[in-house]
Amino acid sequence: MGSKVPQLHVFFFPFMAHGHMIPIVDMAKLFASRGVKASVITTPANGPYVSKSVERANEMGIELDVKTIKFPSVEAGLPEGCENLDAITNEVNKELIVKFVGATTKLQEPLEQLLRDHKPDCLVADIFFPWATDAAAKFGIPRLVFHGTSFFSLCASNCLALYEPHKNVSSDSEPFVMPHFPGEIKLTRNQLPDFVKQDMGDNDFSRLLKAIDDSDLRSYGVAVNSFYELEPAYADHYRKALGRRAWHIGPVSLCNRNFEDKALWGKQASIDEQECLRWLNSKQPNSVVYICFGSIANFTSAQLMEIATGLEASRRNFIWVVRRNKNDGGEEEKEAWLPEGFEKRMKGKGLIIRGWAPQVLILDHEAVGGFVTHCGWNSTIEA
C-alpha cells in the first residue's frame, strides 16, 4: 500500500524525413504532457530539428529528451552527413528510398543498445523500421507502429492487398469498387501507386514492403494521427473487421498551442515568423489562399510559372511556399520561374516563402480561408 507507481517510459523513433519526424515528435510531446517520460531517438544531423521543440517542452515542465545514435551515411554509399531523406533529392525515387532505408537497417544494433540500457516500457517506431518489432521483442518491449497516414488509407491498402480488385479490370482507366469496404469507393488503376498495380518481382523494394507488412502484423498495435469523428467507419473497420489494435490520438499538431510552439517546429523557417504573422494580421478573415505542396514535391520552372500566372489572375491574397532543388543554377536561373515583375505587382497581396514555412502557424490563422495542397496526411490533418 502507498508504493509509488513507476513512471512509464516510451521511446519514439521517427524515420529520418521531416514528414515523419514532425508528427512523431508531436506525439512524444503529447505523451509527455500526460505524465509519461518520453524519449525521441534520432541521429546527429537531425538533432537540431528536434532539439528546439524538446527544449521548449522542457521549459514548460514536460519531460522529454533526445537520444542520439550514429547514422551510417558513408557505409551505405550516401554522402557524409546525409541523414535525412529530404536532403538527398526532391524526387521520390524507389531506388533512392531503398538505399536510404538500407542505411537505416544498420541502426538496429545501436537501437538495441539503447533498449538494453534504458529498458523503456514501449517503443513507438516508424513503419520504415520493420526490424524494430524484433529489436523490441528481444527485451520484451511492445512495439507500436506509426504509419503517418489515415485509417482510410490503412484500410484501403489492406483491401487492395487482400482482394486485388485492380486485377479484374480491363484497363488502367476502368473504375472498380473496393470490395468489403465501408462506403462505395471507386478507384482506377491509374490512381494506384506503381508498387500496388505492378508485379514488382523479387527486388529490394518488394522485400522492404513485405518486411513492413510482416512487422506490422506482429507488432503490438498502431498509433494513428487521426481522430474518430473524422473517419469513424474506417477506424471501426480497421479495428473490428481487420482485427488490428489501433489508437487514434490526433491531430497531434494540436499539442502546439502557442505562438512559439507553432513557429519553432520543423526546420528553421525561411521567413521571420513575426513578419509572417504581421502580414496575416493585415488581411481580412478567410481572404488568403495558402499554397504548399509538401517537402518532397519538385516542380519544373514551367509549372511554377503556371501557378504564379494563375495566382495573379485569381486576384486573391496568397502565401505561396516554393521549395527549389539546391542543385538549380544561380539566382537568375532560380528566379526564371516567376513572370517579369511578378513580386512587384503582388506586393502586399502575395507572400512567397522560398524554403520552409511555419505551416501550423499559417493554417491556424483566421485570415487563411483556402489551402492548395498535395494532400499529404500531415497537411490534411493540420488543416
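For the range 245-259, name all the residues that are open to solvent by less than 20 Å² (accessible area, probe 1.4 Å), part of a helix (DSSP H, G or I) and not polar (S, T, N, Q).
Within the range 245-259, Val252 is the sole residue that qualifies.
So how many residues does the range 183-199 have that are over 17 Å from Ala241 (Cα atoms) and either open to solvent by 90 Å² or more (accessible area, probe 1.4 Å) or aromatic (Phe, Trp, Tyr) (or both)?
The qualifying residues number 6.
Give the residue, chosen from Gly369, Gly348, that is assigned to a strand (DSSP E or B), at pLDDT 80 or above and assigned by the TED database to the domain that holds Leu280. Reasoning before the result, please.
Working: Gly348 fails: assigned to a strand (DSSP E or B).
Answer to the check: Gly369.
So Ser170 ticks every box in (1) under 18 Å from Phe12 (Cα atoms); (2) not in a helix (DSSP H, G or I) but one. Which box is left unticked?
(1)
Quick one: in the range 35-50, of everything that is modelled with pLDDT under 90 and open to solvent by 20 Å² or more (accessible area, probe 1.4 Å), which residue is nearest to Leu254 (Cα to Cα)?
Tyr49
Rundown of residues vs (1) part of a helix (DSSP H, G or I); (2) open to solvent by 20 Å² or more (accessible area, probe 1.4 Å); (3) of a type outside the set (D, E, K, R), yes/no style:
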| site | (1), (2), (3) |
| --- | --- |
| Lys52 | yes, yes, no |
| Arg56 | yes, yes, no |
| Val66 | no, yes, yes |
| Leu78 | no, no, yes |
| Lys99 | yes, yes, no |
| Glu109 | yes, yes, no |
| Leu123 | no, no, yes |
| Ile141 | no, no, yes |
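Given Met27, Met16, which one is under 18 Å from the mean Cα position of the chain (by Cα), buried (at least 16 other Cβ atoms within 10 Å of the Cβ) and not in a helix (DSSP H, G or I)?
Met16
Kindly provide the set of residues from the range 16-70 that are among the aromatic types (Phe, Trp, Tyr) and more than 21 Å from Val145 (Cα to Cα), ordered by number.
Tyr49
Tell me, yes or no, whether the range 229-244 has at least one residue that is open to solvent by 40 Å² or more (accessible area, probe 1.4 Å), touching a Lys or Arg at 6+ places or on another chain (Cβ under 7 Å) and either more than 16 Å from Ser157 (Cα to Cα) or not in a helix (DSSP H, G or I) (or both).
no
Could you check how many residues of the range 342-380 are surrounded by fewer than 14 Cβ atoms within 10 Å (Cβ to Cβ) and over 21 Å from Phe299 (Cα atoms)?
Of the residues in the range 342-380, 5 are surrounded by fewer than 14 Cβ atoms within 10 Å (Cβ to Cβ) and over 21 Å from Phe299 (Cα atoms).
What's the number of the condition His180 fails, among (1) open to solvent by 50 Å² or more (accessible area, probe 1.4 Å); (2) in contact with a Lys or Arg (Cβ under 9 Å, 6 or more places away or on another chain); (3) touching a residue at least 60 places away in the same chain (Cβ under 8 Å); (4) of a type outside the set (Gly, Ala, Ser)?
Checking His180 against (1) open to solvent by 50 Å² or more (accessible area, probe 1.4 Å); (2) in contact with a Lys or Arg (Cβ under 9 Å, 6 or more places away or on another chain); (3) touching a residue at least 60 places away in the same chain (Cβ under 8 Å); (4) of a type outside the set (Gly, Ala, Ser), the one that fails is (2).
Give the number of residues within the range 274-325 that are touching a Phe, Trp or Tyr at 6+ places or on another chain (Cβ under 6 Å), at pLDDT below 90 and surrounded by 20 or more Cβ atoms within 10 Å (Cβ to Cβ). Full working, then the answer.
Step one: filter the range 274-325 for residues touching a Phe, Trp or Tyr at 6+ places or on another chain (Cβ under 6 Å), giving 289-291, 301, 304-305, 308, 311, 319.
In the following step, the residues that additionally are at pLDDT below 90 were identified as 301.
Applying the additional criterion that residues be surrounded by 20 or more Cβ atoms within 10 Å (Cβ to Cβ) yields none.
The qualifying residues number 0.
The values are calculated or read from the model by the stated rules, or taken from the named source; none is laboratory data. Quick caveat, the model's predicted, so the values are computed rather than measured. Quick reminder, even Gly has a Cβ in these numbers, built from the backbone with ideal geometry, and neighbours come from all protein chains shown. Calculation scope for accessible area: heavy atoms of the full protein, side chains included, ligands and nucleic acids excluded. Shrake-Rupley method; radii C 1.70, N 1.55, O 1.52, S 1.80 Å.
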